[in-house]
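The values are calculated or read from the model by the stated rules, or taken from the named source; none is laboratory data. As the structure is a computational prediction, the values presented were derived from the model and not from experiment. Neighbour counts are summed over all protein chains in view; Cβ atoms, including those assigned to glycine, are modelled from backbone coordinates with ideal geometry. Each accessible area value is taken on the protein alone, full model and side chains, heavy atoms only, with ligands, DNA and RNA left out. Shrake-Rupley method; radii C 1.70, N 1.55, O 1.52, S 1.80 Å.
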Amino acid sequence: MTDGYGRKIEYLRISVTDACNLRCTYCMPENGMKSCPCKSAMGADEFIEIATAAAELGMRKLRITGGEPLVRGDILELTRALGGIKGVEDISMTTNATLLAPVAEDLYKAGIHRINISLDTLDPIKYEQITRGGKLTSALEGLRAAIYAGMEPVKINTVLIGGFNDMEIGLLAELTVAYPIELRFIELMPIGDTGVFTASAYIPNSTVLQRLPGLVPVESEPHSVARLYKMPHAQGRIGLISPLSNHFCAECNRLRLTADGCLKPCLHSAEEIPVRGLHGDALKAAILTAVSHKPQMHVELSATERSESKRSMYRIGG
């Protein structure tokens, strides 16, 4: 499938639930979801049917997201089924890793060989603060379990927040010395529940380059949203994802499927294409409509220019 700007669309991010065991301040309201997510989230058969139709149209890469995907009781079965769809060449997951350690090996056997872990600080007190109650030890146990299970690459997603974790840039970067991982600093995006942050929280990823002057650029993967660097003598790499200061829309090859069955052509657009309840040719037509509606680029984003998305991140998928 090719959109109106010549981009080959072959990557589907699937949010399998809005629910999460954490309440990160840039993602979810303090009191959690306004309604029980089990009343709106699709069943496994619905996800599989939509992903199958997408694969028949050319989707080759799937990513399972949330909310927190590991809160689903059927996540292993759903993962195996999605990875077994004809035409799917790659399946991965994004998780906060606090529930990962006990199931890492089973996930690997189910097909998750690549994983992204959300981790914004290495300070236990600040971790509990940003997640509203999470335990850093659980996330680090999940990180180690993913590595020991053989997942590769293991990527860490760190939302860069001025006044909160920018003083930890060097410490976080040292993780790439200790582990063969990719640590990705992501600029804070003005979407959903991020209204609690002041303008000083929105700092550009150039801050990372200033704090780590020894970084050496390395070649990025095709369609990668991250510019990659490496510290001398490090096992892993450092990535910079800059949706505000240096958008990567020209490389965007994805659609997002929400837990309640809508396709989002663009993360920062209000437009959604409902696909729940559609079957056969009608379902494929809706998927093609979503592809054709991808904008050339998202709206300008800054501390004062907010995303047009009507959903918070936990209702879209990381």
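When Met28, Met297 are compared by accessible area of protein heavy atoms, the largest-first order is Met297, Met28, using a 1.4 Å probe.
Across the range 21-31, coupling constants 3J(HN,Hα) worked out from phi with the 6.51/-1.76/1.60 Karplus curve, θ = phi - 60°, read 8, 10, 9, 4, 5, 8, 10, 9, x, 4, 8 Hz, and Gly and Pro carry x.
Computed over protein heavy atoms with a 1.4 Å probe, the accessible surface of the chain works out to 42 Å² per residue.
Along the range 86-93 the Karplus relation, 6.51 cos²θ - 1.76 cosθ + 1.60 evaluated at θ = phi - 60°, assigns HN-Hα couplings of 4, x, 6, 9, 8, 9, 9, 8 Hz to successive residues, with x for each Gly and Pro. In terms of overall dimensions, the C-alpha atoms belonging to the chain reach 53, 41, 41 Å along their principal axes, ordered largest to smallest. The solvent-accessible area of Glu30, taken with every protein chain present and a 1.4 Å probe, is close to 130 Å². Considering only beta bridges that DSSP places wholly inside the range 2-104, some 10 percent are antiparallel. Mean residue ellipticity, 222 nm, helices only, the chain: the sum of -39500 (n - 2.57) across DSSP H runs of n ≥ 4, divided by residue count and rounded to 500, is -7000 deg cm²/dmol.
When only the Cβ of Lys, Arg, Asp and Glu is charged (+1, +1, -1, -1), the dipole of the range 1-109 relative to its Cα centre reaches about 260 debye.
Roughly what % of DSSP beta bridges within the chain run antiparallel, to the nearest 5? Don't skip to the end; give the middle numbers.
Working: 10 of 42 bridges.
Beta bridges within the chain, antiparallel portion: roughly 25 percent.
For the range 99-106, backbone phi angles converted through the Karplus equation (6.51, -1.76, 1.60; θ = phi - 60°) give residue-by-residue couplings of 10, 7, 3, x, 10, 4, 5, 5 Hz, Gly and Pro being listed as x.
Once all protein chains are placed together, Asp123 keeps about 50 Å² accessible to a 1.4 angstrom probe. Taking the Kirkwood radius as Rh and the Cα radius of gyration as Rg, the range 1-140 has a ratio of Rg/Rh equal to 1.00. Computed over protein heavy atoms with a 1.4 Å probe, the carbon and sulfur contribution to the accessible area of the chain reaches 53%. In the chain, taking the dipole from charged Cβ atoms about the Cα centre, the farthest positive-side position among Ala286, Thr98, Ser118 is held by Ala286. With all protein chains in place and ligands, DNA and RNA left out, the 1.4 Å accessible area ranks Phe185, Phe164 as Phe164, Phe185, largest first.
Determine the gain in length on full extension of the stretch Asp166-Lys8; use 0.36 nm per residue of separation and subtract their C-alpha separation, reporting nm with one decimal.
Extra length available between Asp166 and Lys8 comes to 53.3 nm.
Surface calculation, 1.4 Å probe, protein heavy atoms: His247 sits at approximately 80 Å² accessible.
Taking the Cα centre of the chain as origin, sum charge times position over the Cβ atoms of Lys and Arg (+1) and Asp and Glu (-1), and report the length of that vector in debye to the nearest 20.
Value, rounded to 20: 120 debye.
Taking all protein chains together and a 1.4 Å probe, the residues Arg23, Arg256 rank Arg23, Arg256 from largest to smallest accessible area. Placing dummy labels 7 Å off each Cα toward the beta-carbon, the span from Ser245 to Arg144 is 3.4 nm. Measuring between alpha carbons in the structure, the pairs from Lys109/Lys294; Lys135/Lys294; Lys8/Lys109; Lys126/Lys155; Lys126/Lys294; Lys86/Lys264 lying more than 32 angstrom apart are Lys109/Lys294; Lys135/Lys294; Lys126/Lys294. Note on Asp281 and Ala199: their simple-model spin labels are 5.5 nm apart, each label 7 Å out from Cα toward Cβ.
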